[in-house]
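Participant: Questions regarding the structure given below will be posed in turn.
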Amino acid sequence: MAGHNLMAPRRALAVGFLRSLTAGLALSTRPSRAQMAGSGSKTLVAYFSRTGNTRVIAGQIRRARDADLFEIRPAEPYPEDYEETVAQARQERDAGHEPPLAGAVPGIGAYDTVFLGMPIWGGTAPPVIRSFLSAHDLTGKTLVPFITHGGYGRGQSVQVIQSRAPRSEVLQGFTLEADQERRTLETVTRWLRDIPPSR
Ligand SMILES: Cc1cc2nc3c(=O)[nH]c(=O)nc-3n(C[C@H](O)[C@H](O)[C@H](O)COP(=O)(O)O)c2cc1C
C-alpha cells in the first residue's frame, strides 16, 4: 500500500563498516517494498535507524515473529553530515522538541505487541521516538524496546518510553553495543591519510 512507510526489511548485506560508509546514500536511495496493511499480524516492529544497526535487528524480529515492519522517519530527514546531526539532535533533546513524523502506523489498534527499536542519541531515546510515542495510542499494548548504542549504554531511553507510554506494559527489552558512526569516520579519515591523492 503506497503512501505510508510500512516497509519490507532490507537485506543485511551492508553491515558494520560498510554500512556506515554508505549510510548517506542508503538514506536517500533506500529501496522500499510496501508491505500489505491489514496482514493480520498482531505484532508490529517499529524502528528508527540512521546507520542501519537497529534496522538489522528490526528485520530479524520481523522474520522471527512474522510481524509487520514500520520505519519511523522524521518528515524532515536529518542531515547526512554526522556532526550536524549530533548538533541538531542535542538541540532537539534539550528543547524537548518532537519532530513531525513522515507518517504514522495505519491501524495501530490491531497490534497487541509493539517492538520499538532505536539507537541511543545523546544518552537517551532520539527525539523522533518521543514523536512516535506521542502520535500513537499504545494503551494496553506490550512494548518491547530494542536498543543499540555506541558504547555508553542505553541511558534514559527506557524511562522515556515508560513515561511516554504510561498505559503500556514496557518489557525490559534488548540492548546491544554496535558500531559508532563517529568511530568509523575517524578510522577512515586516519586510513585515508596514507592513500596518495590523485595526480
Ligand atoms: C546523533 C547521535 C548521537 C549518539 N549518541 C550516543 C550516545 O549518547 N551514547 C552512545 O552509546 N552512542 C551514541 N550514538 C551512537 C549510536 O547510538 C550507535 O551507533 C547506534 O548503534 C546507531 O544505530 P543505527 O545504526 O540504527 O542508527 C549516537 C549516534 C548519533 C548519530
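Taken together, the values in this text are just the output of simple stated rules run on the coordinates, not laboratory data. Here the structure is a predicted model, which means the values were calculated and not measured. Neighbour counts run over all protein chains shown; Cβ positions are idealised from the backbone, glycine included.
Participant: Could you tell me which residue of region 106-128 is surrounded by the fewest Cβ atoms within 10 Å (Cβ to Cβ), considering only residues that are part of a helix (DSSP H, G or I) and touching a Lys or Arg at 6+ places or on another chain (Cβ under 8 Å)? Walk me through how you get there before you give the answer.
Facilitator: Taking region 106-128 and keeping what is part of a helix (DSSP H, G or I), we get 108-110, 127-128.
If we keep only those that are touching a Lys or Arg at 6+ places or on another chain (Cβ under 8 Å) as well, we get 110, 127-128.
Working: 110: 15, 127: 24, 128: 23.
Among residues in region 106-128 that are part of a helix (DSSP H, G or I) and touching a Lys or Arg at 6+ places or on another chain (Cβ under 8 Å), the one surrounded by the fewest Cβ atoms within 10 Å (Cβ to Cβ) is 110.
Participant: Shifting gears a bit: State which residue pairs qualify: first residue at positive phi and without any contact (Cβ under 8 Å) to a residue 40 or more places away in the chain and inside region 137-156, second residue buried (at least 20 other Cβ atoms within 10 Å of the Cβ) and not in a strand (DSSP E or B) in any location, beta carbons under 6 Å apart, and separation of 6 or more residues or different chains.
Facilitator: As it stands, the answer is 155/120, since those pairs meet every condition given.
Participant: Restricting to region 129-152, and then to whatever is more than 15 Å from the chain's Cα centre (by Cα), crowded, with 19+ Cβ neighbours inside 10 Å and not aliphatic (A, V, I, L, M), can you tell me which residue is farthest from the ligand (Cβ to nearest atom)?
Facilitator: That would be 141.
Participant: Of the numbered conditions (1) more than 15 Å from the ligand (Cβ to nearest atom); (2) within 11 Å of the chain's Cα centre (by Cα), residue 49 fails exactly one; give the number of that condition.
Facilitator: All conditions pass for residue 49, except number (1).
Participant: Kindly indicate which of 84, 76 is more than 9 Å from the ligand (Cβ to nearest atom), farther than 21 Å from residue 176 by Cα, out of contact with any Gly (no Cβ under 6 Å at 6 or more places or on another chain) and assigned to a helix (DSSP H, G or I). Before you say what the answer is, go through the steps one by one.
Facilitator: Working: 76 fails: assigned to a helix (DSSP H, G or I).
After applying the criteria, what remains is 84.
Participant: Further question on the same structure: Evaluate the following for residue 198: is it away from the ligand (no atom under 13 Å from the Cβ), farther than 24 Å from residue 67 by Cα and hydroxyl-bearing (Ser, Thr, Tyr)?
Facilitator: Working: away from the ligand (no atom under 13 Å from the Cβ): yes; farther than 24 Å from residue 67 by Cα: yes; hydroxyl-bearing (Ser, Thr, Tyr): yes.
Taking the combined requirement at face value, the residue satisfies it.
Participant: From the residues in region 87-105 that are in a helix (DSSP H, G or I) and aliphatic (A, V, I, L, M), which one is farthest from the ligand (Cβ to nearest atom)? First the steps, then the outcome.
Facilitator: At the first step, the residues of region 87-105 found to be in a helix (DSSP H, G or I) are 87-95.
Then drop every residue that is not aliphatic (A, V, I, L, M), which leaves 87, 89, 95.
Details: 87: 9, 89: 4, 95: 15 Å.
Restricting to residues being in a helix (DSSP H, G or I) and aliphatic (A, V, I, L, M), the top hit is 95.
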